[in-house]
Amino acid sequence: LKKGKRILLVDGVTVSFDGFKALNNLSFSINYGELRCIIGANGAGKSTMMDVVTGKTRPDAGHVTFGEAVNLLEMDEPAIAQIGIGRKFQKPTVFQNHSVFENLELAMQDDKRFFKTLFSKISGEQRDKIEETMGLIGLKELAKQDAGILSHGQKQWLEIGMLIMQNPKLLLVDEPVAGMTPQEVDKTGEILTNLAKEHAVVVVEHDMEFIRSIASKVTVLHEGSVLAEGDMESIQNNEKVRKVYLGE
Ligand code: ADP
Ligand code: MG
């Protein structure tokens with residue numbers, strides 16, 4: 001892990017929908033080992049930014065670079081996932097009728113062998129990886145439980161675990177704590193903080209208490225550009241941010 005080295009560069013990215021600029025010359029970068037929060041009002045461009053990074057939306061202008069020099073704009077969605085960018089959408093989509101362990105087992109496989117994998121033996125190494133991931137997401141005790149009976153929070157954690165099974169280097173997580181209990185919110189902060197030790201993690205979130213609790217660097221998006229960037233305290237004292245969000 002090249003801690004402190006850049007893993008993602010978004011440089012001057014513009015995305016227009018019928019002349020409306022959802023992203024307007026957006027630039028920021030993420031380093032290995034970083035947990036970054038991206039905040040901004042509805043319509044600020046957060047989801048569009050994730051769509052660009054994952055190859056779902058092509059920008060009209062700008063560059064997106066992964067690692068030292070991989071041009072993501074020349075790659076399609078599967079290729080981008082393959083080189084190590086994982087995305088978690090807001091709603092958890094786990095296999096309800098399979099156990100926690102099996103969900104992680106399934107997530108490890110490529111599409112072709114999908115359900116066949118449940119009937120074949122996994123290697124000791126694969127088992128270790130699943131055990132390690134269950135520890136990280138706090139679901140070790142529930143290994144044999146069907147995912148369908150997990151709480152909303154536990155499902156979110158399982159899905160984060162399923163992403164980890166694909167060995168991503170950069171994880172994009174959309175509103176992970178929406179709908180969670182305060183205890184689940186705390187636990188999620190813990191999981192993401194631990195994850196960021198070995199991966200770069202970008203979290204899009206509305207919950208300010210949560211962002212304060214994980215105390216990471218924050219990027220504020222506004223009308224498709226970066227309005228401010230820094231720690232939570234500097235963001236809260238930032239004049240431009242206060243003007244836009246508090247009408248000062
Ligand atoms: P956020 O995730 O920050 O709420 P989005 O990235 O979803 O914001 O949207 C940014 C702006 O772009 C919004 O005004 C939204 O209506 C617009 N937008 C997003 N996707 C499309 C699309 N496919 N077609 C037209 N407008 C879109
Ligand atoms: Mg959004």
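The values are calculated or read from the model by the stated rules, or taken from the named source; none is laboratory data. Just so you know, these numbers come straight off a predicted model, no measurement behind them. Cβ: placed from backbone, ideal geometry, glycine included. Neighbour counts: every protein chain shown.
Just one of the numbered conditions (1) modelled with pLDDT of 90 or more; (2) part of a helix (DSSP H, G or I); (3) within 16 Å of ligand 1 (Cβ to nearest atom) is not true of Val203: (2).
Could we say that Ser29 is under 30 Å from Val244 (Cβ atoms) and not charged (D, E, K, R) here?
Details: under 30 Å from Val244 (Cβ atoms): yes; not charged (D, E, K, R): yes.
For Ser29, the condition - under 30 Å from Val244 (Cβ atoms) and not charged (D, E, K, R) - is met.
Could you tell me whether Phe20 is more than 20 Å from Val173 (Cβ to Cβ) and at pLDDT 95 or above? So that I can check it myself, show each step before the final result.
Working: more than 20 Å from Val173 (Cβ to Cβ): yes; at pLDDT 95 or above: yes.
Spelling it out, Phe20 is indeed more than 20 Å from Val173 (Cβ to Cβ) and at pLDDT 95 or above.
Here Ala143 passes the criteria (1) at pLDDT 95 or above; (2) closer than 27 Å to Ser16 by Cα; (3) surrounded by fewer than 20 Cβ atoms within 10 Å (Cβ to Cβ) except the one numbered (2).
Name the residue, out of Arg6, Arg87, that is touching a residue at least 12 places away in the same chain (Cβ under 8 Å) and within 16 Å of ligand 2 (Cβ to nearest atom). Reasoning before the result, please.
Values: Arg6 fails: within 16 Å of ligand 2 (Cβ to nearest atom).
Among Arg6, Arg87, only Arg87 is touching a residue at least 12 places away in the same chain (Cβ under 8 Å) and within 16 Å of ligand 2 (Cβ to nearest atom).
Do we find that Val220 is within 14 Å of the chain's Cα centre (by Cα), within 30 Å of Phe20 (Cα to Cα), in contact (Cβ under 8 Å) with a residue 60 or more places away in the chain and buried (at least 19 other Cβ atoms within 10 Å of the Cβ) in this structure? Walk me through how you get there before you give the answer.
Details: within 14 Å of the chain's Cα centre (by Cα): no; within 30 Å of Phe20 (Cα to Cα): yes; in contact (Cβ under 8 Å) with a residue 60 or more places away in the chain: yes; buried (at least 19 other Cβ atoms within 10 Å of the Cβ): yes.
Considered against the rule, which asks whether it is within 14 Å of the chain's Cα centre (by Cα), within 30 Å of Phe20 (Cα to Cα), in contact (Cβ under 8 Å) with a residue 60 or more places away in the chain and buried (at least 19 other Cβ atoms within 10 Å of the Cβ), Val220 comes out as no.
When Lys91, Lys129, Lys121 are checked against the criterion of being among the basic types (Lys, Arg), out of contact with any Gly (no Cβ under 7 Å at 6 or more places or on another chain) and either crowded, with 21+ Cβ neighbours inside 10 Å or farther than 17 Å from Leu158 by Cα (or both), a single residue qualifies: Lys121.
Just one of (1) touching a helix residue (DSSP H, G or I) at 6+ places or on another chain (Cβ under 9 Å); (2) among the hydroxyl-bearing types (Ser, Thr, Tyr); (3) within 16 Å of ligand 1 (Cβ to nearest atom) fails for Ser225. It is (1). A count restricted to the stretch 14-63 and to residues that are of a type in the set (A, V, I, L, M, F, W, C), assigned to a strand (DSSP E or B) and either more than 16 Å from ligand 2 (Cβ to nearest atom) or within 14 Å of the chain's Cα centre (by Cα) (or both) stands at 7.
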